[in-house]
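No value in this document is a laboratory result; all are computed from the given coordinates. The model shown is predicted, which means the values in this text are computed figures rather than measured ones. Virtual Cβ from ideal backbone geometry, glycine too; neighbours counted across all protein chains shown.
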Amino acid sequence: MKEAYSRLLKILRYSGVVAAVVAWIVIFTCISLNPWFIFTEHAFSDLGAPDANMPWIYNYGLILTGAVMLLYSVYQVEKAENNIEAVGGGFTFIAGLFLMLIGLFPSGTRPHTFVSTWFFLQADMAILTWGLGLIRRGEKRYSYIFVAMGIISPLIGFLIDWPSAATVEAFGIVVIDVWVLLMLKILK
């Protein structure tokens, strides 16, 4: 039983990367199915709106990505060395839930803006909290990078006059992806 659990953890270690890859595959697939989509004019969520071609691909894709993110949060909590890191894993879990909710409440529905905004805010909280937890752990190499990412990236997101929602969303997704890749060096 312990060996099976150890193997499961080795698989879950890469679930954050899998979530990132699935998200980009879904986005690029949906863009290719919707030639009207212009990166500098639209929101990625427009790809899941009722008038999009095959919106279910985008919406179910976000639900799948969020589910994989939930698995990644379980790995984070399991590998946490202190309570602050465990809370960071909890924020990752909540971000995954909000990502799933974006798929359940696509563009044009009343709660859509709320759930999509809170996905990014919860992901930023996860990044910031992991940074603080790593400071407590004594891991200085990445801790300050994560704290800076968790504070500066939302400020950039709010303060820059982005040409479209998709451009700021892409920025936020890239920040999350960079964090997930750097976390591979910490959580082993």
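What to note about this one:
- Unique match (being of a type in the set (A, V, I, L, M, F, W, C), surrounded by 18 or more Cβ atoms within 10 Å (Cβ to Cβ) and farther than 17 Å from PHE146 by Cβ) among ILE27, ILE38, ILE127: ILE27
- Pairs linking a residue in segment 160-188 that is touching a residue at least 24 places away in the same chain (Cβ under 8 Å) to a residue that is of a type in the set (S, T, N, Q) and not in a helix (DSSP H, G or I), with Cβ atoms under 9 Å and 6 or more positions apart or on different chains, are PRO163/THR40; SER164/THR40; ALA166/THR40; THR167/THR40.
- Residue check, ALA67 touching a helix residue (DSSP H, G or I) at 6+ places or on another chain (Cβ under 7 Å), more than 20 Å from ALA43 (Cβ to Cβ), touching a residue at least 40 places away in the same chain (Cβ under 8 Å) and not hydroxyl-bearing (Ser, Thr, Tyr): no
- Residue check, VAL168 within 17 Å of LEU128 (Cβ to Cβ) and within 17 Å of the chain's Cα centre (by Cα): no
- TRP24 being over 23 Å from SER143 (Cα atoms) and touching a His at 6+ places or on another chain (Cβ under 9 Å): no
- Any chance TRP36 is farther than 16 Å from GLY96 by Cα, within 21 Å of the chain's Cα centre (by Cα) and free of Cβ contacts under 8 Å to residues at least 12 places away in the same chain: no
- Count of residues meeting criterion [within 14 Å of the chain's Cα centre (by Cα) and among the β-branched types (Val, Ile, Thr)] in segment 60-78: 3
- Qualifying residues in segment 143-172 (those that are touching a Ser or Thr at 6+ places or on another chain (Cβ under 9 Å) and among the hydroxyl-bearing types (Ser, Thr, Tyr)) - the one farthest from ILE25 (Cα to Cα): SER164
- All conditions in (1) touching a residue at least 40 places away in the same chain (Cβ under 8 Å); (2) touching a helix residue (DSSP H, G or I) at 6+ places or on another chain (Cβ under 9 Å); (3) farther than 19 Å from VAL174 by Cα; (4) of a type outside the set (Gly, Ala, Ser) hold for ILE57, with the sole exception of (1).
- Among the conditions (1) touching a Phe, Trp or Tyr at 6+ places or on another chain (Cβ under 6 Å); (2) surrounded by fewer than 17 Cβ atoms within 10 Å (Cβ to Cβ); (3) of a type in the set (A, V, I, L, M, F, W, C), TRP56 misses just one, which is (1).
- So MET69, is it in contact with a Ser or Thr (Cβ under 7 Å, 6 or more places away or on another chain) and closer than 25 Å to MET183 by Cα: yes
- Subset tally (residues that are more than 19 Å from LEU64 (Cβ to Cβ) and surrounded by fewer than 14 Cβ atoms within 10 Å (Cβ to Cβ)) for segment 1-24: 8
- Taking the listed residues PHE119, PHE105, the one that is closer than 30 Å to ASN34 by Cβ, without any contact (Cβ under 8 Å) to a residue 12 or more places away in the chain and surrounded by 19 or more Cβ atoms within 10 Å (Cβ to Cβ) is PHE105, with no other qualifying.
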